[in-house]
Amino acid sequence: MLGIAWPSMRVSLDAPFVGLGLLVAAMTVAQFAASATSGLLRERVGTIALLLAAVAAAAGGLAIFAFATGWWATILASAVLGSGVGLLDAAVNTEAALRGDIRFMGALHGAWAIGASLGPPLVGAMLVATDSWRPAYVAAAAAFAVLGLAIYAVRSDLRDAPELEAAPSGERSIGWTVVLGCALMFVYVGVELGAGQWTYTRFTVNSRLTDGLAGLAVFLYWSALASGRIALAVFGERVAPERLFDVSVFGALGSAVGFWVLPPPAAALLALPCLGASLSVFVPVLLYLTPRRTGSVAAPRAIGYQVAAGMIGGATLPAVIGLLMQSIDVAVLGPCLVTMAAILAGLHVASTRSLGSRTYVRQLFR
């Protein structure tokens, strides 16, 4: 929502031109801190209180945005909203991993993709209808408030839902498994956002492709990402999660290579959507497997750390890619994606070895 609302917001609040970067920074720092501490907070206050606090913070941050009368208030709003979203991201993923199956995890992340696609048109529609960005933030705050009421109404059902009881698997320590999970998430988000944010520039600079064709490629990429998660929600139980993880990681590596070496039309309309489809199940499967690798007790903190690591990866790696594209050539996007996908594959191999070969094979063909 913020990217679409910012031009009008900047004018109405007399904000500096670089203010968007400050708002994103405040939100990212707050999200990181909230996600990283979500497991500890869950232990202290419980699941229901954590979910309600997260929803309240998100609704409060959006409301501050909606009624802000000065530039300083939007910085506060970003921090409060980031805290709520960070807590909610980690908390909901934790509950899905501990209480749901792989199909539910796919549905959760498919819903994320659909929700992300609704933000820009919501702001755009309000700008057309009212010539103001504020009603969009009021509507979003109201949606979170309704969500909070719904959570409170079904709190008994949520509290009583059976929770996975799993012991740590593998031969190495839980700490090593968590570190590898954080590294996987850090690199993955860099690949996902790097491809999504820089592909259009890669293909339109020097007129390699028309604007329309490049835009179609980016649309197909994000559509494949969303479709893969919806497919996981429908058919996820038909394939072992460990096998899905293999397909995701090595499919992403093959697609990245194709994106680098194929002619621009094929790279845009074939390799890029294949990359999106390959990446689509990565996060749901990784988070689903986390409690089954670390054990149920360590899972809430582990998932919080992984979500936080992904936020840092999303904030840094695409920026590094942009600097390389500016200083070398836009075509360096291909080698960057291949390098990150290769690192992702190496981390995946290391993480499966940390489980112990017998455990992994048993899970794979279960």
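The values are calculated or read from the model by the stated rules, or taken from the named source; none is laboratory data. Note that the structure is predicted; figures quoted are calculated from it, not measured. Note that each Cβ is placed from the backbone with ideal geometry, even for glycine, and that neighbours are counted across all protein chains shown. Accessible surface areas use protein heavy atoms only, side chains included; no ligands, DNA or RNA. Shrake-Rupley method; radii C 1.70, N 1.55, O 1.52, S 1.80 Å.
Can you find a residue in segment 185-208 that is assigned to a loop (DSSP other than H, G, I, E, B) and open to solvent by 20 Å² or more (accessible area, probe 1.4 Å)?
Looking for residues that are assigned to a loop (DSSP other than H, G, I, E, B) and open to solvent by 20 Å² or more (accessible area, probe 1.4 Å), one finds at least one in segment 185-208, hence yes.
Scan GLY115, GLY3, GLY21, GLY70 and give me the residue that is in contact with an Asp or Glu (Cβ under 9 Å, 6 or more places away or on another chain), surrounded by fewer than 16 Cβ atoms within 10 Å (Cβ to Cβ) and modelled with pLDDT under 90.
Working: GLY115 fails: in contact with an Asp or Glu (Cβ under 9 Å, 6 or more places away or on another chain); GLY3 fails: in contact with an Asp or Glu (Cβ under 9 Å, 6 or more places away or on another chain); GLY21 fails: in contact with an Asp or Glu (Cβ under 9 Å, 6 or more places away or on another chain).
Unique residue meeting the criteria: GLY70.
Among the listed residues PHE250, PHE235, which satisfies the condition of being over 21 Å from THR339 (Cβ atoms) and open to solvent by 10 Å² or more (accessible area, probe 1.4 Å)?
Step by step, each of PHE250, PHE235 is checked, and only PHE235 is over 21 Å from THR339 (Cβ atoms) and open to solvent by 10 Å² or more (accessible area, probe 1.4 Å).
Take the conditions touching a His at 6+ places or on another chain (Cβ under 9 Å) and farther than 25 Å from VAL24 by Cα and apply them to VAL281. Does it pass?
Considered against the rule, which asks whether it is touching a His at 6+ places or on another chain (Cβ under 9 Å) and farther than 25 Å from VAL24 by Cα, VAL281 comes out as yes.
Give me the residue from segment 286-308 that is crowded, with 24+ Cβ neighbours inside 10 Å and either under 13 Å from the mean Cα position of the chain (by Cα) or of a type in the set (Lys, Arg) (or both) and, out of that set, modelled with the lowest pLDDT.
Across segment 286-308, the extreme among qualifying residues is ARG293.
Of everything in segment 28-81, what is under 23 Å from VAL146 (Cα atoms) and among the basic types (Lys, Arg)? Give them in sequence order.
Residue satisfying the conditions is ARG42 alone.
Select from segment 73-101 the residues that are open to solvent by less than 10 Å² (accessible area, probe 1.4 Å) and β-branched (Val, Ile, Thr) and list them in ascending order.
Residues satisfying the conditions are THR74, THR94.
Conditions: (1) farther than 11 Å from ALA91 by Cα; (2) touching a residue at least 12 places away in the same chain (Cβ under 8 Å); (3) open to solvent by less than 50 Å² (accessible area, probe 1.4 Å). GLU43 meets all but one. Number of the miss?
Here GLU43 clears every test but (3).
Taking ALA49, is it crowded, with 21+ Cβ neighbours inside 10 Å and farther than 26 Å from ASP131 by Cβ?
No: the conditions fail for ALA49.
Are any residues in segment 277-313 among the small types (Gly, Ala, Ser) and either farther than 25 Å from LEU337 by Cβ or not in a helix (DSSP H, G or I) (or both), and if so, which ones?
Within segment 277-313, GLY295, SER296, ALA298, ALA299, ALA302, GLY304 qualify.
Can we say ALA5 is of a type outside the set (S, T, N, Q), touching a Gly at 6+ places or on another chain (Cβ under 9 Å) and closer than 16 Å to TYR137 by Cα?
When the stated conditions are applied, ALA5 does not pass them.
Just to check your reading of the model, which residue among ALA266, ALA256, ALA231, ALA224 is of a type in the set (A, V, I, L, M, F, W, C), free of Cβ contacts under 8 Å to residues at least 24 places away in the same chain, part of a helix (DSSP H, G or I) and out of contact with any strand residue (DSSP E or B) (no Cβ under 9 Å at 6 or more places or on another chain)?
None of the others qualify; the one that does is ALA266.
Got at least one residue in segment 257-265 being modelled with pLDDT of 95 or more and open to solvent by less than 50 Å² (accessible area, probe 1.4 Å)?
yes
For segment 252-283, give me each residue that is under 23 Å from the mean Cα position of the chain (by Cα) and small (Gly, Ala, Ser).
Within segment 252-283, ALA252, GLY254, SER255, ALA256, ALA268, ALA271, GLY276, ALA277, SER278, SER280 qualify.
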